[in-house]
Amino acid sequence: KSAYSSTLQLFNFIDSLLTYSKIFFEGNSAENSGYYLKELVEEKCNLFNEIAGASNNILLNEIDKKITSKINRDILSVILHNILDNAIKNTEDGVIKVYSHIKNKRLYIVVEDTGKGFKEEDLIYYNQLSNQQSTEKLMLRNSGIGIHMIVELIHILHGDLNFYSEDGKGSRIEIITDLN
């Protein structure tokens with residue numbers, strides 16, 4: 001079961017990379033037809049439930065079922081996939097939840113965990129990276145491809161990422177986009 005889950009996760013990561021590539025090479029729009037945000041998050045939760053359970057984690061989808069989005073579903077899917085994957089890797093015997101709220105005509109999608117949290121230097125780097133207009137302006141570190149990929153994707157959406165954490169006490173990542 002664990003090998004199957006790992007293989008499925010690898011397949012989905014590769015699928016995310018291919019989607020990421022298509023966005024740049026085919027020029028996909030940052031918007032598409034509306035969909036229910038809760039359904040997208042549920043797809044990701046279903047993908048990761050077994051892997052989360054292997055570390056005694058509980059994965060919760062607390063997105064309001066009425067919230068719809070026109071943000072490109074593929075782009076948001078890649079971003080959520082990467083953030084959830086990292087939350088699960090860094091949490092044991094904990095809770096990972098996804099929720100949302102609307103403030104000042106902006107949609108906030110939040111992934112929060114009770115895991116290890118970020119080290120202070122990583123937290124500073126991630127927030128600096130996400131606040132740049134391009135990752136080329138900041139000295140890139142060996143932080144993995146995922147963080148750099150989601151920062152580039154959030155820029156395509158004209159959105160923002162905020163990272164909050166206390167080392168050893170979990171983390172919270174906010175994906176912020178205009179409410180379309």
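The values are calculated or read from the model by the stated rules, or taken from the named source; none is laboratory data. Everything numeric here is computed off the predicted structure, so don't read it as measured data. FYI the Cβ positions are ideal-geometry reconstructions off the backbone, even for glycines, and counts take in every protein chain you see. With ligands, DNA and RNA removed, areas are computed over all heavy atoms of the protein, side chains included. Shrake-Rupley method; radii C 1.70, N 1.55, O 1.52, S 1.80 Å.
Summary of computed values
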| item | result |
| --- | --- |
| Long-range neighbours under 6 Å by Cβ, at least six apart or interchain, first residue modelled with pLDDT of 95 or more within segment 21-45, second surrounded by 14 or more Cβ atoms within 10 Å (Cβ to Cβ) and in a loop (DSSP other than H, G, I, E, B) | LEU37/ILE63; LEU37/ILE67; LYS38/ILE63; VAL41/ILE63 |
| Sole exception among (1) open to solvent by less than 40 Å² (accessible area, probe 1.4 Å); (2) at pLDDT 80 or above; (3) more than 15 Å from the chain's Cα centre (by Cα); (4) of a type outside the set (Gly, Ala, Ser) for VAL151, by number | (3) |
| Verdict on ASP85 being closer than 30 Å to GLY34 by Cβ, open to solvent by 40 Å² or more (accessible area, probe 1.4 Å), at pLDDT below 95 and not polar (S, T, N, Q) | no |
| Considering residues of segment 124-147 that are at pLDDT below 55 and in a helix (DSSP H, G or I) only, the residue surrounded by the most Cβ atoms within 10 Å (Cβ to Cβ) | THR135 |
